[in-house]
Amino acid sequence: MIPQKPQQFFYMKIILFLFSVTPFTFGFVQIRAFKTPNKHNSMLHESSTATNYDIVKVDLTGGRDYPIYIGAGFSDEEASKILKPHIKGQQVLLVTNDRISPMYLERYESILKRGGDKVVETCVLPDGEKCKTMAVLTKILDKCLEKALDRKVTFVALGGGVIGDMVGFAAAIYQRGVNFIQVPTTVMAMVDSSVGGKTGVNHPLGKNMIGAFHQPQCVFIDTESLNTLPNRELQSGISEIIKYGLIKDSEFFEWQEKNIPRILARDSAALRFAIKRSCENKATVVKADEKEAGVRATLNLGHTFGHAIENGSGYGTYLHGEAVAIGTAMAATMSAEMGWIDEALVKRVYDIMLNANLPVELPLDSPMDRDTFLKLMSIDKKVADGQLRLILLKGSLGNCVFTGDFDDKAMVRTIDEFVSECAGPLV
């Protein structure tokens, strides 16, 4: 039996926001649900050629639509022809980190300079989640001012989610906003963080708490860059792919259950399909709710628990996707605890995470305990007016809710179950 919650805990009031992939209610307003992309026979249509590419469009208001280009093995000429029309001025600032720089900086600098009509400056930042800070971001701004880059400059983010978030935020605040382009090099960035315009940095008290919504001009994905991605980072990114199947795309989840080994083996067709399908799902949600007023929050399945784990364990201890995998296991466990999903679905969640070599529990030496979880979750971005809201699974596969109307005792029992054997905070 999971231990009962002590009476002293209940400092978060409850509100209700329900969302699902069928027509749902937001407050008292009926809203048409967003559609899952191209369901008809889509499981059979994986791209197998390396010479063409797919385009997924992110539809936004005010003429801010932008394309996501997805392909493998772009030539320098082809990459240049795709990227340069999205650069309106002559100046470009290409930003990457010290791990990606030796592999790809010179090539993309050459691609952007091709034709001789662009002046390309470069900026190399230290790598890692621990460097996702205002202090490190200031290095981008320093470079801009040192080189007298003007308002027509375009920033290009070359790297994973940390680089994309930081460069996007720098673009949002430099001279009150300049254009930027995302060139993601990790699965995590390709399927999630590069799409949708969320940018920012971490604060010691909370992940991504300082930032802005700032949409890119385009996203350019060459899946061949995944050939140099370490296995651990590949696996981390898969957790965000799994998310789409759980919250809104059951057919995609069923495809994943059969094809996780192909993704782990870096099968080109499987990777390209998984990335494209994920981007399609992300684009439909961003179109419906760009600023995360409601339905976009469902993309954060497992993230409230996961962000607490990242912060409480020390940034860099876990990759983002690893913490989200544990958080998703916690969300599924809590959903079942309340009778919202059956145990068979919980098992499927655990099984697919384990098949992707992702963690589903905290290690014995984890510093996490109940109080740490509750403290960090209380300052999550989904808290509104002091009220905690979670994304939880409800009903059949592919359905979820974003709600404050949950059993707080079930939440505490779930936390207690996951920390029961942990060492807890260092004294």
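The values are calculated or read from the model by the stated rules, or taken from the named source; none is laboratory data. What you see is a predicted model, and the numbers here were worked out from it, not measured in a lab. Counting neighbours? That spans all protein chains shown, and the Cβs are built from the backbone with ideal geometry, glycine included. Quick note on the areas: whole protein, heavy atoms, side chains included, nothing else; ligands and nucleic acids left out. Shrake-Rupley method; radii C 1.70, N 1.55, O 1.52, S 1.80 Å.
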Criterion (surrounded by 15 or more Cβ atoms within 10 Å (Cβ to Cβ) and either free of Cβ contacts under 8 Å to residues at least 12 places away in the same chain or aliphatic (A, V, I, L, M) (or both)) met by exactly one of Leu83, Leu145: Leu83
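Tell me, which residue of the stretch 287-297 that is in a helix (DSSP H, G or I) and out of contact with any strand residue (DSSP E or B) (no Cβ under 6 Å at 6 or more places or on another chain) is most open to solvent (accessible area, probe 1.4 Å)?
First pass over the stretch 287-297, keeping only residues in a helix (DSSP H, G or I): 287-288, 295-297.
Add one more test, that the residue is out of contact with any strand residue (DSSP E or B) (no Cβ under 6 Å at 6 or more places or on another chain), and what stays is 287-288, 295-296.
Values: Lys287: 129, Ala288: 65, Val295: 11, Arg296: 4 Å².
The extreme case among them is Lys287.
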Selection status of Tyr69, open to solvent by 10 Å² or more (accessible area, probe 1.4 Å), of a type in the set (Ser, Thr, Tyr) and touching a helix residue (DSSP H, G or I) at 6+ places or on another chain (Cβ under 6 Å): yes
All positions within the stretch 384-416 that are open to solvent by 10 Å² or more (accessible area, probe 1.4 Å) and part of a loop (DSSP other than H, G, I, E, B): Asp385, Gly386, Arg389, Lys394, Gly395, Ser396, Leu397, Asn399, Asp405, Phe406, Asp407
The stretch 197-214 - residue that is surrounded by 23 or more Cβ atoms within 10 Å (Cβ to Cβ) and at pLDDT 95 or above and, of those, farthest from Tyr104 (Cα to Cα): Lys198
Selection from the stretch 152-181 of residues that are on the phi < 0 side of the Ramachandran plot, open to solvent by 10 Å² or more (accessible area, probe 1.4 Å) and without any contact (Cβ under 8 Å) to a residue 40 or more places away in the chain: Ile173, Tyr174
Long-range neighbours under 6 Å by Cβ, at least six apart or interchain, first residue under 12 Å from Ala270 (Cβ atoms) within the stretch 245-259, second surrounded by fewer than 23 Cβ atoms within 10 Å (Cβ to Cβ): Trp255/Met43; Asn259/Ala270
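When you scan the stretch 180-261 for strands (runs of 3 or more DSSP E) that lie fully inside it, which ones turn up with 1 or more residues that are within 22 Å of Ala135 (Cα to Cα)?
On the way: elements: 198-203, 206-213, 219-222.
Output list reads 198-203, 206-213.
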Criterion violated by Phe373 - all others in (1) within 19 Å of the chain's Cα centre (by Cα); (2) buried (at least 22 other Cβ atoms within 10 Å of the Cβ); (3) not polar (S, T, N, Q) satisfied: (1)
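Output the residues belonging to the stretch 310-348 that are open to solvent by less than 10 Å² (accessible area, probe 1.4 Å) and under 16 Å from the mean Cα position of the chain (by Cα).
Glu310, Gly321, Ala323, Val324, Ala325, Ile326, Gly327, Thr328, listed by residue number.
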Checking Thr138 against (1) touching a strand residue (DSSP E or B) at 6+ places or on another chain (Cβ under 9 Å); (2) part of a helix (DSSP H, G or I); (3) under 26 Å from Gly312 (Cα atoms), the condition it does not meet: (1)
